[in-house]
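Chemist: I am attaching a structure below and will ask some questions about it afterwards.
The values are calculated or read from the model by the stated rules, or taken from the named source; none is laboratory data. Keep in mind that what you see is a predicted model, and the values were worked out from it rather than measured. All Cβ positions, glycine included, derive from the backbone under ideal geometry; neighbour counts span all protein chains shown.
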Amino acid sequence: MDEKKNNEREEIFSERVRAGKRTYFFDVKSTRSNDYYLTITESKRRYKEDGFTYEKHKIFLYKEDFNKFINALNATVGHVKDELMPDVDFEQFDKQDEEREREVKVESTIDTELNWD
């Protein structure tokens with residue numbers, strides 16, 4: 001069996017969420033016994049003198065904890081939205097993300113090659 005370095009397991013499924021200076025990765029991986037678990041990784045880009053580096057934090061979430069984790073996350077987010085910040089329109093953040101994505105797509109279609117005639 002081919003061992004991956006640092007015991008990294010092959011990703012079965014991956015979802016990426018870009019959030020400003022942070023990116024979150026939700027990856028499904030499999031154990032040697034074909035059981036599945038989830039890794040949640042927060043990646044932050046940091047500037048150093050010699051260039052950029054990425055600071056990463058990772059959580060491993062196992063199937064027996066999925067429901068407990070989701071319930072606690074939903075309850076916590078619900079408390080913040082309903083009790084602590086009821087006047088905030090949280091959908092505005094989705095709209096801002098959609099606008100940024102559209103801007104990036106437009107920028108990527110602009111021809112930046114210089115032509116000297």
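Chemist: Taking ALA19 as the residue in question, decide whether it is among the hydrophobic types (A, V, I, L, M, F, W, C), at pLDDT below 90 and either closer than 23 Å to GLU101 by Cα or surrounded by 10 or more Cβ atoms within 10 Å (Cβ to Cβ) (or both). Outline the logic, then answer.
Modeler: Values: among the hydrophobic types (A, V, I, L, M, F, W, C): yes; at pLDDT below 90: yes; either closer than 23 Å to GLU101 by Cα or surrounded by 10 or more Cβ atoms within 10 Å (Cβ to Cβ) (or both): yes.
Judged against the criteria, ALA19 is a match.
Here is a yes/no grid of residues against (1) in a helix (DSSP H, G or I); (2) aromatic (Phe, Trp, Tyr); (3) within 26 Å of ARG102 (Cα to Cα):
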| position | (1), (2), (3) |
| --- | --- |
| VAL28 | no, no, no |
| ILE70 | yes, no, no |
| ALA75 | yes, no, no |
| ASP89 | no, no, yes |
